[in-house]
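Below: one structure in structure tokens.
The values are calculated or read from the model by the stated rules, or taken from the named source; none is laboratory data. The structure displayed is predicted, hence computed values, not measured ones. Please note: Cβ atoms are built from the backbone with ideal geometry, for glycine as well, and neighbour counts cover all protein chains shown.
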Number of protein chains: 2
Amino acid sequence: MKTIHLIQFGLGGVGRALVQRVLAARDDFEWRYGLRLAYVALCDSRGAAIAPDGFSHAQLQAMMAAKEAGVSLDATEWGYKRGELEDIVDIAGREDAIVIDVTATEETVPALQLALDRGYGAALANKKPLAGPMEIFRGLTSTGRLRYEATVGAGVPVIATLNEAIIPSHDSVARIEGCFSGTLGFLTTGLEEGKAFSGLVTEARALGYTEPDPRDDLGGMDVARKALILARTMGWPLELDQIPVEPLFPPEMAEGSVADFMAALPRLDDVYRKKVDAALAAGKTLRYVATLAGGEASVGLREVARESALGQLRGSDNLVAFHTAVYDATPLVLQGRGAGVHGTAAGVLADIVALAR
Amino acid sequence: MKTIHLIQFGLGGVGRALVQRVLAARDDFEWRYGLRLAYVALCDSRGAAIAPDGFSHAQLQAMMAAKEAGVSLDATEWGYKRGELEDIVDIAGREDAIVIDVTATEETVPALQLALDRGYGAALANKKPLAGPMEIFRGLTSTGRLRYEATVGAGVPVIATLNEAIIPSHDSVARIEGCFSGTLGFLTTGLEEGKAFSGLVTEARALGYTEPDPRDDLGGMDVARKALILARTMGWPLELDQIPVEPLFPPEMAEGSVADFMAALPRLDDVYRKKVDAALAAGKTLRYVATLAGGEASVGLREVARESALGQLRGSDNLVAFHTAVYDATPLVLQGRGAGVHGTAAGVLADIVALAR
């Protein structure tokens, strides 16, 4: 039996789902992999809790209950006010440690780098450290001990397919096209059905499909970060500002409050109705697509053939199509729920096991 | 630089494509993985060639040219008449060896078992060793040093998705549905378009999509073996004869020559036309589906919803849909070319790299 010591940054929805998944997997992983996963540190934005011998099942459950109730770790009986994340790695780190980053901040970079320098593994759902300067991406990934499946398509094995199927089979990628936003998938499917843009955004926001400020989704930057991570995984030395991104609203609507933005939405209805009609008239449909080809990436609303994999996609699933030398007539396609706490936690856990074995 | 010694059984189309792919990958793998792949033994059905220090690029190219010209290894200057494959493993085997099985016979089992007992790896495109008695599957796979991605869906990472994404994320599989025969995909797509069954089989045979005796494809046993391998990968202790298989011809047509069979085909046209019409009338379509659920597997012609992943599939691509606890509303779907020498060789090479690293 091998024990792996887990240090987790982030106890939001994904972080809590991951803790629960690790607890649920305990017996299965012991007999299947001879593997024990023991949490030795947990951090949220304000507090931390450290147990060198590992937290018990009951302690972890109690912590998750406290977090569900909105209590930060620093205000619980197990936690304290945390300082820098590097200090947590320094104090809690030990042989066979894996640092898990399920936050949404680039502030974890120094702690991740320290962990990798110490020989630990790292598993990320957080895109920010990998979507900053290329030098940081290189520094973090050069050890081969950092995995980041959940950064693109949540649990859908997009990164694994690239890193463990396409690249090691000496296949060559001609083009990758993907729909990496469930929210924008919901919108483009609705547009195709003739619904109004403003109504769809309002509905998506009410359903919790968007961030509180829907411009965070409609701006396309989240998709651009995923495209950047895919490009860099193939060895393309791109920076985020080299990826043209088409937001789904004009620059003047980027200013002002959310209420202003929502109120101004109906003026976009005609714009998108015309775009959809033009696409449908040409036998195509609109999708919000990340395209990678020839060392370049771009992100935006594209007309795609209705019978293509992207054109057949409906609703909020993610989809990626790899056009390669081997998959030339038709692409290699992966499709599935690309967001949500369970899919994301599942992707991180698969990475933890891969690192641990 | 780590050197991996390759012993390959099989020099048919896939075997030759694999040798070429290994040669083409040489520089890439050296800088990318610090890995040298050196062939130390090659075997075909009659002959073998062994070079303890590895064959040169030129020697391998010359051997492939001879094989392309229809010459067996035993009749070339590098080869000799081979005895048992175990002897090849015994003579050529050494530290960091991987045995590659791209034959289509169960006769490789003792040699594979010997290789694994010696601590070598094994990479299979050959389904037969894994589709025999469950005890043999267990014996071969229990070491964790045998990989078999290419046995299901060629290079499409079906097995990796199960073994390295779904199972280690502690997800639970409710149902797997898949189309694992390009030939039968071609047929069901043609039936949906209103073509006659007999004409489609004749066309598929003329295009080389079927075996010389098309009953080898239409019988469904190849699909059943893939279903069995998937089931066993999930830990289900099934035997091949426990999988109900629906052949696409009646028992009386199993006898007789290929010519007899081809001549009798038109009498099936009405049968399939009626089945297709009934399916379409119900908003469904026909696919030849492997279904795994509740510890059981079956293989046959099924009515599937037209808007489902299987219903949207056209042509000869393979498709697998994993319905799991995480992928509950919509399945995790993989689709791509599931046959052909390049896809199959690509799948084997990815396995070789995974074993080597």
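Considering each residue of region B:24-60, count those that are in contact with a strand residue (DSSP E or B) (Cβ under 8 Å, 6 or more places away or on another chain), aliphatic (A, V, I, L, M) and assigned to a helix (DSSP H, G or I), and give that number.
Adding up the residues that qualify gives 2.
Let me ask you something else. If you take the residues in region A:154-188 that are in a loop (DSSP other than H, G, I, E, B) and at the interface with another protein chain (Cβ under 10 Å from one of its Cβ atoms), which one is surrounded by the fewest Cβ atoms within 10 Å (Cβ to Cβ)? Write out each step before concluding.
Quick first cut of region A:154-188, residues in a loop (DSSP other than H, G, I, E, B) only: A:154-157, A:170-172, A:180-181.
Now narrow it down to the ones that are at the interface with another protein chain (Cβ under 10 Å from one of its Cβ atoms): A:154-157, A:170-172.
Numbers: A:ALA154: 27, A:GLY155: 30, A:VAL156: 32, A:PRO157: 27, A:HIS170: 22, A:ASP171: 24, A:SER172: 12.
Across region A:154-188, the extreme among qualifying residues is A:SER172.
Identify all residues within region A:243-278 that are among the hydroxyl-bearing types (Ser, Thr, Tyr) and either surrounded by 13 or more Cβ atoms within 10 Å (Cβ to Cβ) or assigned by TED's automatic domain parsing to the domain that holds A:THR105 (or both); write none if there are none.
Looking only at region A:243-278, we keep the residues that are among the hydroxyl-bearing types (Ser, Thr, Tyr), and these are A:257, A:272.
Matches in region A:243-278: A:TYR272 only.
While we're here: When A:GLN20 is evaluated against the numbered criteria (1) within 14 Å of chain B (Cβ to nearest Cβ); (2) outside any helix (DSSP H, G or I), which criterion, by number, is the only one it fails?
Result: A:GLN20 passes all but (2).
Take the residues of region A:1-45 that are of a type in the set (D, E, K, R) and more than 18 Å from the chain's Cα centre (by Cα): which is farthest from A:LEU60 (Cα to Cα)?
Taking the candidates together, the pick is A:ARG32.
For region B:280-336: of the residues being modelled with pLDDT of 95 or more and of a type in the set (D, E, K, R), which is surrounded by the fewest Cβ atoms within 10 Å (Cβ to Cβ)?
So, considering only residues that are modelled with pLDDT of 95 or more and of a type in the set (D, E, K, R), the one surrounded by the fewest Cβ atoms within 10 Å (Cβ to Cβ) is B:ASP328.
Among the residues of region B:312-328, write down those that are within 7 Å of another protein chain (Cβ to nearest Cβ) and either without any contact (Cβ under 8 Å) to a residue 24 or more places away in the chain or of a type in the set (S, T, N, Q) (or both).
Matches in region B:312-328: B:GLN312 only.
Within region A:73-116, can you find the residues that are hydrophobic (A, V, I, L, M, F, W, C) and surrounded by fewer than 16 Cβ atoms within 10 Å (Cβ to Cβ)? First the steps, then the outcome.
Of all residues in region A:73-116, those hydrophobic (A, V, I, L, M, F, W, C) come to A:73, A:75, A:78, A:85, A:88-89, A:91-92, A:97-100, A:102, A:104, A:109, A:111-112, A:114-116.
Answer for region A:73-116, where residues must be hydrophobic (A, V, I, L, M, F, W, C) and surrounded by fewer than 16 Cβ atoms within 10 Å (Cβ to Cβ): A:ALA75, A:ILE91, A:ALA104.
Restrict the check to region B:127-143 and report whether at least one residue is under 21 Å from B:ALA49 (Cα atoms), more than 13 Å from chain A (Cβ to nearest Cβ) and not hydrophobic (A, V, I, L, M, F, W, C).
Keep residues of region B:127-143 that are under 21 Å from B:ALA49 (Cα atoms), which gives none.
No, the conditions are met nowhere in region B:127-143.
If we scan region B:230-242, do we find a residue that is surrounded by fewer than 15 Cβ atoms within 10 Å (Cβ to Cβ) and either at pLDDT below 95 or touching a strand residue (DSSP E or B) at 6+ places or on another chain (Cβ under 6 Å) (or both)?
Checked against the condition, which is being surrounded by fewer than 15 Cβ atoms within 10 Å (Cβ to Cβ) and either at pLDDT below 95 or touching a strand residue (DSSP E or B) at 6+ places or on another chain (Cβ under 6 Å) (or both), region B:230-242 yields no hits at all.
Being in a helix (DSSP H, G or I) and farther than 27 Å from A:TRP31 by Cβ is the filter here; which residues of region B:103-138 pass it?
Hits for region B:103-138 are B:GLU106, B:GLU107, B:THR108, B:PRO110, B:ALA111, B:LEU114, B:LYS128.
Sticking with this one: Filter region B:330-357 for residues that are at the interface with chain A (Cβ under 7 Å from one of its Cβ atoms) and of a type in the set (A, V, I, L, M) and give the result.
B:LEU332, B:VAL333, B:LEU334, B:ALA346, B:LEU349, B:ALA350, B:VAL353, B:ALA354
Further, regarding this structure: Regarding A:SER257, is this residue polar (S, T, N, Q), out of contact with any Cys (no Cβ under 6 Å at 6 or more places or on another chain) and within 14 Å of chain B (Cβ to nearest Cβ)?
Values: polar (S, T, N, Q): yes; out of contact with any Cys (no Cβ under 6 Å at 6 or more places or on another chain): yes; within 14 Å of chain B (Cβ to nearest Cβ): no.
Considered against the rule, which asks whether it is polar (S, T, N, Q), out of contact with any Cys (no Cβ under 6 Å at 6 or more places or on another chain) and within 14 Å of chain B (Cβ to nearest Cβ), A:SER257 comes out as no.
Can you spot a residue in region B:139-146 that is crowded, with 24+ Cβ neighbours inside 10 Å and either outside any helix (DSSP H, G or I) or of a type in the set (Val, Ile, Thr) (or both)? Even if it seems obvious, please write down each step before you answer.
The first filter runs over region B:139-146 and keeps only residues crowded, with 24+ Cβ neighbours inside 10 Å, leaving B:146.
When the remaining residues are screened for being either outside any helix (DSSP H, G or I) or of a type in the set (Val, Ile, Thr) (or both), the result is B:146.
Yes, some residue in region B:139-146 is crowded, with 24+ Cβ neighbours inside 10 Å and either outside any helix (DSSP H, G or I) or of a type in the set (Val, Ile, Thr) (or both).
Taking B:GLY340, is it in contact with a helix residue (DSSP H, G or I) (Cβ under 9 Å, 6 or more places away or on another chain) and either small (Gly, Ala, Ser) or without any contact (Cβ under 8 Å) to a residue 12 or more places away in the chain (or both)?
yes
Still on this structure: Check A:GLU95 against each of (1) under 16 Å from A:GLY12 (Cβ atoms); (2) out of contact with any Ser or Thr (no Cβ under 6 Å at 6 or more places or on another chain); (3) assigned to a loop (DSSP other than H, G, I, E, B) and name the one condition it does not meet.
So the condition that A:GLU95 fails would be (1).
Tell me, yes or no, whether region A:7-15 has at least one residue that is modelled with pLDDT of 95 or more, more than 12 Å from chain B (Cβ to nearest Cβ) and over 23 Å from A:GLY343 (Cβ atoms). Explain how you work it out, then say what you get.
The first filter runs over region A:7-15 and keeps only residues modelled with pLDDT of 95 or more, leaving A:7-15.
Now drop any that are not more than 12 Å from chain B (Cβ to nearest Cβ), which leaves A:7-15.
With over 23 Å from A:GLY343 (Cβ atoms) added as a condition, the list becomes none.
No.
Related question: Being touching a residue at least 60 places away in the same chain (Cβ under 8 Å), away from every other protein chain (no Cβ under 14 Å) and among the aliphatic types (A, V, I, L, M), is that true of even one residue in region B:216-223? Explain how you work it out, then say what you get.
Here is the first cut: in region B:216-223, the residues touching a residue at least 60 places away in the same chain (Cβ under 8 Å) are B:220, B:222-223.
Those still in the list that are away from every other protein chain (no Cβ under 14 Å) too: B:220, B:222-223.
Among the residues that remain, those that are also among the aliphatic types (A, V, I, L, M) are: B:223.
Yes, that holds for at least one residue.
For region B:87-101, how many residues are acidic (Asp, Glu) and within 21 Å of B:VAL19 (Cα to Cα)? Before you say what the answer is, go through the steps one by one.
Going through region B:87-101, the residues acidic (Asp, Glu) turn out to be B:87, B:90, B:95-96, B:101.
Subset that is within 21 Å of B:VAL19 (Cα to Cα): B:95-96, B:101.
The number of residues fulfilling the criteria is 3.
Which residues, taken from region A:23-43, are more than 10 Å from every other protein chain (Cβ to nearest Cβ), among the aromatic types (Phe, Trp, Tyr) and farther than 26 Å from A:ILE91 by Cβ?
Within region A:23-43, just A:TRP31 meets the criteria.
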